[in-house]
1. Any chance you could count how many residues in the stretch 64-108 are touching a strand residue (DSSP E or B) at 6+ places or on another chain (Cβ under 8 Å) and either assigned to a strand (DSSP E or B) or among the small types (Gly, Ala, Ser) (or both)?
2. Conditions: (1) at pLDDT 90 or above; (2) surrounded by fewer than 17 Cβ atoms within 10 Å (Cβ to Cβ); (3) in a loop (DSSP other than H, G, I, E, B). Residue 134 meets all but one. Number of the miss?
3. I'd like to check something: does the stretch 52-69 contain any residue that is closer than 15 Å to residue 37 by Cβ and not small (Gly, Ala, Ser)?
4. Scan (1) modelled with pLDDT under 80; (2) closer than 20 Å to residue 75 by Cβ; (3) in contact with a His (Cβ under 6 Å, 6 or more places away or on another chain); (4) not acidic (Asp, Glu) for the single condition residue 165 breaks and write down its number.
5. Which of (1) under 30 Å from residue 16 (Cβ atoms); (2) in contact with a strand residue (DSSP E or B) (Cβ under 8 Å, 6 or more places away or on another chain); (3) in a loop (DSSP other than H, G, I, E, B); (4) in contact (Cβ under 8 Å) with a residue 40 or more places away in the chain does residue 125 not meet, given it meets every other one?
6. If I ask for residues that are under 12 Å from the mean Cα position of the chain (by Cα) and among the hydrophobic types (A, V, I, L, M, F, W, C), which ones from the stretch 114-160 would you list?
7. If residue 144 passes every condition in (1) at pLDDT 90 or above; (2) part of a helix (DSSP H, G or I) but one, which one does it miss?
8. Exactly one condition in (1) open to solvent by less than 60 Å² (accessible area, probe 1.4 Å); (2) over 17 Å from the mean Cα position of the chain (by Cα) is not met by residue 87; state its number.
Amino acid sequence: MSPFNAFLFLQGLETLHLRIERHSANALTVARHLTQHPSILSVNYPGLEGTPWHNLATKYLPDGTSGVISFHIKGGREAAARFMNRLKLAAIVVHVADARTSVLHPASSTHRQLSDEQLVQAGIDPGMIRFSVGIEDVRDIIAEPIRVFGLETDDAAIRARVAGLLGQVGLSPADGAKYPHEFSGGQRQRICIA
């Protein structure tokens with residue numbers, strides 16, 4: 001390993017605990033939002049109360065579970081593909097645990113060669129999305145499905161809906177200590193890696 005690569009590796013390792021803390025906190029907030037979303041059938045996240053994995057997650061991972069959520073969109077494969085095509089903030093990639101939010105629709109990417117019946121036999125719902133929550137401002141991450149599903153269309157309405165959702169999970173939209181960045185409205189350039 002070169003000295004510069006070793007330096008980068010060490011930098012990442014030294015800040016890993018901070019990033020995992022933020023990944024987990026953001027993922028739990030996003031998972032709670034998605035459970036209330038009218039276009040979502042179900043949400044899988046071990047940190048969510050009431051899931052089959054919650055007791056084990058709190059026993060073995062008391063400081064946070066992870067940043068990876070999976071959820072199932074009403075309308076199956078076609079609705080999931082539309083969701084993916086409308087994303088602005090999240091990068092469409094196959095890996096997880098990046099600092100930025102990334103998303104994958106297995107039925108149209110890693111498992112695209114399978115029919116819907118074969119996907120179900122493999123335990124993959126055709127409308128399932130894997131959402132790897134990053135360390136961005138959670139308000140931007142929550143705003144993404146609100147905008148994509150067309151629940152709100154202008155920034156002011158999206159901000160108001162996000163503020164209400166954060167209030168429901170006990171967070172203040174102006175909590176500068178936990179979420180110091182200004183709400184950007186999810187203006188990240190879309191990156192597509194296939």
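1. 17
2. (2)
3. Within the stretch 52-69, one or more residues are closer than 15 Å to residue 37 by Cβ and not small (Gly, Ala, Ser).
4. Going through the list (1) modelled with pLDDT under 80; (2) closer than 20 Å to residue 75 by Cβ; (3) in contact with a His (Cβ under 6 Å, 6 or more places away or on another chain); (4) not acidic (Asp, Glu), residue 165 breaks only (2).
5. With (1) under 30 Å from residue 16 (Cβ atoms); (2) in contact with a strand residue (DSSP E or B) (Cβ under 8 Å, 6 or more places away or on another chain); (3) in a loop (DSSP other than H, G, I, E, B); (4) in contact (Cβ under 8 Å) with a residue 40 or more places away in the chain applied to residue 125, the lone miss is (1).
6. Listed by number, the residues that qualify are 129, 131, 133, 135, 138, 141, 142, 143.
7. (1)
8. It fails just one condition, (2).
The values are calculated or read from the model by the stated rules, or taken from the named source; none is laboratory data. All values reported here derive from a predicted model rather than from experimental measurement. Please note: Cβ atoms are built from the backbone with ideal geometry, for glycine as well, and neighbour counts cover all protein chains shown. Only protein heavy atoms, including side chains, enter the accessible area calculation; ligands, DNA and RNA are left aside. Shrake-Rupley method; radii C 1.70, N 1.55, O 1.52, S 1.80 Å.
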